[in-house]
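Novice: Supplied in structure tokens, the structure appears directly below.
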There are 2 protein chains.
Amino acid sequence: MLYPETINNLIECYKKLPGIGEKSAERMALYTLEMDQEIIDLFVQSLADAKTKIKRCKICNNFSQEDICPICRNEGRNHQVICVVEEPKNVIQFEKIGSYKGLYHVLDGLISPLENINPEDLNITSLIKRIDEEKIKEVIIAVKPSIEGETTALYISKMLEDKDVIISKIAHGVPLGADMDYVDALTLELALEERKNITSHEE
Amino acid sequence: MLYPETINNLIECYKKLPGIGEKSAERMALYTLEMDQEIIDLFVQSLADAKTKIKRCKICNNFSQEDICPICRNEGRNHQVICVVEEPKNVIQFEKIGSYKGLYHVLDGLISPLENINPEDLNITSLIKRIDEEKIKEVIIAVKPSIEGETTALYISKMLEDKDVIISKIAHGVPLGADMDYVDALTLELALEERKNITSHEE
């Protein structure tokens, strides 16, 4: 206990955050002493609210401060399309594009037998219920192209195969602006398999 | 405002910390939602206390939760030696060694005409007062070997030259375990100048 207790506690708390080691935590704690009271007050309030105010939307399972999130409540959006994602963070990624106007469904993970995550641990039942009850025309599966992602996508499409709904998957391939030197073999293989005909004349 | 307000506020607060950008702040905020309530409570309490409970020791100016810090209060320490450091953080560095048993004096900066930091902005008057009032035998100046550090060391030794006190400066040179390839020229020059005679026979 070299620092006063409050500073030691702050260091311990900062150290709990992802990617923060002893040195960074110490730097942050000492910096905190110099922060404006306003910021400290906001920090204290947000931390105190983090667990209590942030709930999950009862429809799509995204983070929300109300029972139903602003996206699900928004009448201006296309309520016939659901984009299925792994985490709430992914919703923000799609929202940042700005062009997607449909709804979301947050699975809260991907099927992974190795980590003992089974379909019943994910929000798949609620997705099927939505398709039965809402007028959904298309389900876009937007999970990462890993073994877990592919397994989850396959499972969901199996579960939905007798429903009257289009199931699609986001395209995988070489990302825009990527240097070809750094594209891995698997991505390149996928990009080759999923190649698009760009012939301008008719065949 | 893509996340609920509480999460956005948390992201903003984390972003204020040194070395934390948008992405890390987002990761930390989402991680916070999963933290144990216990840790959150400690975090909230420590943040709230940071500005109110942490004071400066009235003698040495180190961080303290009481008027006089535990080091100054410790009768078991050598009250005849003062180690002069730049910041409270440096006190911890010396305390970690474990072998130094004297007292400290935290300057809260170094003289820097370029940054408009003058001697009167530092806790130098209180240091001189201590030397006049306490029975100090030695003042060890332990600031970094930069232009600011050297200027500060010179200034303090000038101010103390008519006092009956030994003034010393910590040694500078090649650090232990350093690869000679990576030691800069200035450090090497200093190490050469301050070389020690290790001849075993008497001259």
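The values are calculated or read from the model by the stated rules, or taken from the named source; none is laboratory data. Worth saying up front: this structure is predicted, and the values here are computed from it rather than measured. Positions of Cβ are generated from backbone atoms using ideal geometry, with glycine treated the same way; all protein chains shown enter the neighbour counts.
Novice: For B:C83, state whether it is touching a Phe, Trp or Tyr at 6+ places or on another chain (Cβ under 7 Å) and either at the interface with chain A (Cβ under 9 Å from one of its Cβ atoms) or part of a loop (DSSP other than H, G, I, E, B) (or both).
Specialist: Taking the combined requirement at face value, the residue does not satisfy it.
Novice: Sticking with this one: Starting from residues that are more than 15 Å from A:K16 (Cβ to Cβ) and not in a helix (DSSP H, G or I), keep the ones in region B:10-30 and report whichever is farthest from the other protein chains (Cβ to nearest Cβ).
Specialist: Only one residue tops the list, namely B:G21.
Novice: To continue, here is another question. Please indicate, with yes or no, whether at least one residue in region B:11-31 is free of Cβ contacts under 8 Å to residues at least 12 places away in the same chain and either on the phi > 0 side of the Ramachandran plot or touching a strand residue (DSSP E or B) at 6+ places or on another chain (Cβ under 8 Å) (or both).
Specialist: Checked region B:11-31: at least one residue is free of Cβ contacts under 8 Å to residues at least 12 places away in the same chain and either on the phi > 0 side of the Ramachandran plot or touching a strand residue (DSSP E or B) at 6+ places or on another chain (Cβ under 8 Å) (or both).
Novice: Taking B:L186, is it at pLDDT 85 or above and farther than 29 Å from B:N78 by Cβ?
Specialist: Here the answer is no, as B:L186 does not meet what is asked.
Novice: While we're on this one: Give the number of residues within region B:50-73 that are surrounded by 18 or more Cβ atoms within 10 Å (Cβ to Cβ) and outside any helix (DSSP H, G or I).
Specialist: 9
Novice: Go through (1) hydroxyl-bearing (S, T, Y); (2) outside any helix (DSSP H, G or I); (3) more than 8 Å from chain B (Cβ to nearest Cβ) one by one and return the number of the condition A:Y3 breaks.
Specialist: Going through the list (1) hydroxyl-bearing (S, T, Y); (2) outside any helix (DSSP H, G or I); (3) more than 8 Å from chain B (Cβ to nearest Cβ), A:Y3 breaks only (3).
Novice: Here are A:A153, A:A142: which of them is crowded, with 17+ Cβ neighbours inside 10 Å and touching a residue at least 24 places away in the same chain (Cβ under 8 Å)?
Specialist: Going through A:A153, A:A142 in turn, the sole match is A:A142.
Novice: What's the total number of residues in region B:155-165 that are closer than 16 Å to B:K135 by Cβ and either assigned to a helix (DSSP H, G or I) or under 22 Å from the mean Cα position of the chain (by Cα) (or both)?
Specialist: Of the residues in that region, 1 qualify.
Novice: A further question on this structure: For B:I39, all conditions in the list (1) aliphatic (A, V, I, L, M); (2) within 15 Å of A:V44 (Cβ to Cβ); (3) more than 8 Å from chain A (Cβ to nearest Cβ) hold save one; what is the number of the exception?
Specialist: (3)
Novice: Determine, yes or no, whether B:L47 is more than 26 Å from the chain's Cα centre (by Cα), at the interface with chain A (Cβ under 8 Å from one of its Cβ atoms) and either surrounded by fewer than 21 Cβ atoms within 10 Å (Cβ to Cβ) or over 30 Å from B:I124 (Cβ atoms) (or both).
Specialist: no
Novice: Looking at B:G76 and the list (1) in contact (Cβ under 8 Å) with a residue 40 or more places away in the chain; (2) within 26 Å of A:I7 (Cα to Cα), which single condition is not satisfied?
Specialist: Answer for B:G76: the failing condition is (1).
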